[in-house]
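Every number here is computed from the coordinates shown, using simple stated rules; none is lab data. In this text, all values refer to a predicted model and were calculated from it rather than measured experimentally. Neighbour counts are summed over all protein chains in view; Cβ atoms, including those assigned to glycine, are modelled from backbone coordinates with ideal geometry.
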Amino acid sequence: MTHSCALRGAVVAAVAFALGATLVAQQPQGQGRRPQLPDFGGRSATYDPLKTFAPYTMPQPVNAYRGADGAPGPMFWQNSADYEMHASIDPATKVLANLETITYTNNSPGALNSLWLQVEQNTYRADARSRAFSGGGRQRPENVNSEGTVFKSMELLGTAKGAKPVKAEYVISDTRARISLPTPLAHGASIKIVMKYHYTVPGPWGGRTSVGEVKDGPIYDIAQWYPRMAVYDDLHGWDTQPFLGNEFYTEFGNYDFFVTVPSNYLVAGTGFLVNGAEVLMKTQQDRLKQAAASDKTIFIRTKDEVHDAASRPKQGGTLTWHYHMDHTRDAVFSASPSFIWDAAKMNLPGGKTALAESFYPAEAAGDEGWGRCTEYLKDAVEHFSRDWYVYPYPAGINVAGFSSGMEYPGLVSGAGVRGWCSTGSTRRGRDCSW
């Protein structure tokens, strides 16, 4: 028995003794009745162990889609959603604008008459349902809200050659959007949803996504930022539950996303950086290649270079960063002019490798801050890959920002701007991210 279990048993015994003594003291004179102690789970008229420990009935009977243990059966299917996004951030207004194209494929046995989207930025509206469910550190002041996602346009486009876009008919309810299809989407068919929209990035009160200021500029942690497909599965059909601050159930697909920001910003994103030659100096490109082959941490951008305009390939204007990842369930990014960037190689079973990376401001520099974060990340991924199964992503990134902390595929954001990168939170976040 552990110490906590023994302590709990002692407390229960003490409470039982005290209650028994109270009943004895209250017993009427002249009655030799035995006091009735509270029922702590022993034999009684109301306790039936056959009910308490009855076998659990699985909610879904065995069928061709799923086995008795819930594992995929011979006819199991999943729908897929591929995303192409072209986003930009305006630091003056803190507004993120996006042109998004979803290619959705119906692999289910039947046709679909409608499509459902998750619009999670609407959780920051004043009338959001999530307000009633938020508590603790996620509770925001009553007067702190945003407009949520503001759609400029939404169109549907078939995948056949010569197909023309048609205006989508849709209804938004809280954090969900229902799109009526002009013709049902047949089994095996695909359709494109093309959207233009914008929203104001929440401040440090945003929780999992936010913008906050350090001495060298803002740090944007951008998550749950794009309308994405709700899941349609063989168990419940469409998952139309509103977003109440819970974690995520999403379709898998391929992601291509482009982020346009001021030229002095660095962008850390899900997947691998496609256009490093366009957004990094030659010296930084060489360092990144060196880090991909090094077991020791290599600086890609040093603390001194944060203030050196010559460390960026362009002075003034904007640059567009392009990230890509296949067969994943989400994409996020962080952007800031304040980032120090370091990286090292992660050694995976079967001779595979991936890149461990950390992005953090000067306030978090040094071994007492985030200076060893890449080392912790590398150790965690290598350990879990040996003991469980191989890390599936091309990179693993830790970001020190103002968000409350959340793990996404290939990237973990944490509230560590002026704190330290702990081994525990690094391991937990990486563990959860795959």
Sort 235-248, 266-279 for me by packing, meaning the mean count of neighbouring Cβ atoms within 10 Å per residue, highest on top. 266-279, 235-248
Ranked by how many other beta carbons lie within 10 Å on average, peptides 121-127, 339-345 from highest: 339-345, 121-127
For a Förster distance of 56 Å, can you work out the FRET efficiency between the beta-carbons of R129 and K282, rounded to the nearest 0.05? 0.65
Length gain on complete extension for the stretch E247 to F76, per 0.36 nm per residue less the alpha carbon to alpha carbon distance? 59.2 nm
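Would you please give the FRET efficiency between Y65 and V390, computed as 1/(1 + (r/R0)^6) with r the Cβ-Cβ distance and R0 = 25 Å, to the nearest 0.05? Provide the component values of the computation, followed by the final result.
Values: r = 27 Å, r/R0 = 1.09.
So, using R0 = 25 Å, E works out to roughly 0.35.
What FRET efficiency comes out for the pair T240/T302, r = Cβ-Cβ distance, R0 = 35 Å, nearest 0.05?
On the way: r = 49 Å, r/R0 = 1.39.
Working from the Cβ atoms, E equals 0.10.
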Which ordering of I102, I172 is given by a fewest-first count of other beta-carbon atoms within 10 Å? I172, I102
Per the range 152-222, sqrt(5λ) over the Cα gyration tensor eigenvalues, sorted largest first, in Å, gives 36, 14, 11
Per residue of the range 81-91, in order, report the coupling 6.51 cos²θ - 1.76 cosθ + 1.60 (Karplus, θ = phi - 60°) as ³J(HN,Hα) in whole Hz, putting x for Gly and Pro. 9, 9, 10, 10, 9, 10, 10, 9, 10, 9, x
In whole Å, what are the Cα extents of the range 78-230 along the three principal axes, biggest one first? 51, 33, 25
If packing is taken as the mean number of other Cβ atoms within 10 Å per residue, what is the order of 329-335, 291-297, 84-90, highest first? 329-335, 84-90, 291-297
Test of understanding: what is the full-extension gain from N275 to T101, defined as 0.36 nm times their sequence separation minus their Cα-Cα distance? 60.6 nm
